[in-house]
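Structure record follows, encoded as structure tokens.
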Amino acid sequence: MTMRSFGLIRQCCNALVRVPLAREKSPVSLPISHLSRSLTTAAEALKITYDEKSEVATMHLCRKPVNGLSLEFITQISIALEKLENERSCRGVIISSGCDNVFCAGLDINEMLRPTPERLEIFWKTLQDMWLQLFTTRLMTVAAITGHCIAGGCLISSACDHRVMAPNFKIGLNEVKLGIVAPFWLVDSVKNLIGYRQTEWSLMKGHLFSSEDALRLGLVDKVVPQDQVVLQAEADMAEWLQVPDSARHLSKTLMRRDTVVRFRSGREADLKTFVNYIPKESIQKTLHSYVESLKSKK
Ligand SMILES: CCCCCCCCCCCCC/C=C/C(=O)SCCNC(=O)CCNC(=O)[C@H](O)C(C)(C)COP(=O)(O)OP(=O)(O)OC[C@H]1O[C@@H](n2cnc3c(N)ncnc32)[C@H](O)[C@@H]1OP(=O)(O)O
């Protein structure tokens, strides 16, 4: 297999990104690596490889420990996706994880703890943009879910076109457990996969499905042993790419149109809700307790 790194993507991972610092009033330009709260540097957090023969890229999410979606990380993913979209030879992207037993633990909760209004607003807009990009991309997208896939993690997997998961992990929307509510566009993309009632009760309870239940419901398409997830994702991608790209993409656009129209008309109101609610004392308290409970389980 001929693998090469995407030079362009490597460059973009070290790029200057204009984001407000957590506790500053106005945006400043800094290398994104200076802003990351992760144990990994920004350059290590996202790795892209490209296989010229299959015309498929792999996006490895490696923001340790749990691929928490920080503003910088979402920005990196977004830039990388855009570059891949613009790379004419690239037909598909597999999203995989470099974190042990975790595909993605969702939003980096630190982004919502005592945030500045400026950063909070940019954070949410960037997340909305990344979701839209992934949900509508011309590329065939496959999520290789080698571990837990929670809330914002499920945002990524449910925006893809196909999902392969390892057994004995959890997937779903648990936002209520943090005292918050998943945005309507994320709920819609899960509802598109598992239907109204399963989405409603799991959302209200904050229930996370086992891999096996997720397969039964259609939240994932295959469950295979953990060490075979990426291989299976590659095999499934090859099969999907036998369908002509433009017809496949047009079919996807047709099926996702209602969700996209609803998103576009509601995104401003959704942003306002997020920036108004998150700083509220009651929500801050619940988020704080949740983070404490994560730490104290050790
Ligand atoms: C009332 C009206 C309200 C209206 C409000 C409307 C607006 C609000 C809209 C908001 C919508 C948000 C949509 C999306 C939300 C999210 O994604 S929130 C995040 C949800 N995710 C989780 O709950 C997952 C939490 N993590 C875990 O359950 C576990 O970590 C794990 C993934 C199962 C892995 O377990 P394990 O391998 O045992 O690792 P840990 O030891 O638990 O974790 C390692 C360290 O990582 C830290 N961490 C874990 N998850 C996160 C995270 N999401 N963000 C930041 N940090 C995280 C964890 O605390 C550990 O840290 P250390 O103790 O410092 O090592």
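Listed values, structure above:
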quantity: Out of 211, 202, sole residue that is closer than 30 Å to residue 281 by Cβ and of a type in the set (Ser, Thr, Tyr); calculated: 202
quantity: Matching residues in segment 135-158 - criterion: being away from the ligand (no atom under 13 Å from the Cβ) and closer than 24 Å to residue 100 by Cα; calculated: 141, 142, 143, 144
quantity: Residue tally, condition of a type in the set (Asp, Glu), under 15 Å from the mean Cα position of the chain (by Cα) and open to solvent by 10 Å² or more (accessible area, probe 1.4 Å), over segment 56-94; calculated: 1
quantity: Cβ-Cβ under 9 Å pairs, at least 6 apart or on other chains, segment 84-108 side within 25 Å of residue 175 (Cβ to Cβ), far side near the ligand (Cβ under 8 Å from one of its atoms) and of a type in the set (Asp, Glu); calculated: 106/175
quantity: Total residues in segment 244-282, condition more than 16 Å from the ligand (Cβ to nearest atom) and either more than 29 Å from residue 180 (Cβ to Cβ) or open to solvent by less than 90 Å² (accessible area, probe 1.4 Å) (or both); calculated: 15
quantity: Failed condition for residue 290, given (1) of a type in the set (Ser, Thr, Tyr); (2) under 20 Å from residue 135 (Cα atoms); (3) within 10 Å of the ligand (Cβ to nearest atom); calculated: (2)
quantity: Selected residue [open to solvent by less than 50 Å² (accessible area, probe 1.4 Å), more than 16 Å from the ligand (Cβ to nearest atom) and either within 20 Å of the chain's Cα centre (by Cα) or within 30 Å of residue 53 (Cβ to Cβ) (or both)] from 241, 208, 178, 217; calculated: 241
quantity: Verdict on residue 54 being within 16 Å of the ligand (Cβ to nearest atom), among the polar types (S, T, N, Q) and modelled with pLDDT of 95 or more; calculated: no
quantity: Only listed residue being touching a strand residue (DSSP E or B) at 6+ places or on another chain (Cβ under 8 Å) and either within 13 Å of the ligand (Cβ to nearest atom) or touching a residue at least 24 places away in the same chain (Cβ under 8 Å) (or both), chosen from 120, 132, 113, 127; calculated: 127
quantity: Inter-residue pairs, beta-carbon under 8 Å, first over 18 Å from residue 124 (Cβ atoms) and part of a helix (DSSP H, G or I) and in segment 272-296, second near the ligand (Cβ under 8 Å from one of its atoms) and open to solvent by 100 Å² or more (accessible area, probe 1.4 Å), 6+ apart; calculated: 290/177
quantity: Selection within segment 74-108 - in contact with a Gly (Cβ under 9 Å, 6 or more places away or on another chain) and in a loop (DSSP other than H, G, I, E, B); calculated: 99, 100, 101, 105, 106, 108
quantity: Checking residue 53 against (1) open to solvent by less than 30 Å² (accessible area, probe 1.4 Å); (2) in contact with a Ser or Thr (Cβ under 8 Å, 6 or more places away or on another chain); (3) part of a loop (DSSP other than H, G, I, E, B), the condition it does not meet; calculated: (1)
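The values are calculated or read from the model by the stated rules, or taken from the named source; none is laboratory data. Everything numeric in this text was worked out from a predicted model, so none of it was measured. Quick reminder, even Gly has a Cβ in these numbers, built from the backbone with ideal geometry, and neighbours come from all protein chains shown. These accessible areas exclude ligands, DNA and RNA; they are computed on the full protein's heavy atoms, side chains included. Shrake-Rupley method; radii C 1.70, N 1.55, O 1.52, S 1.80 Å.
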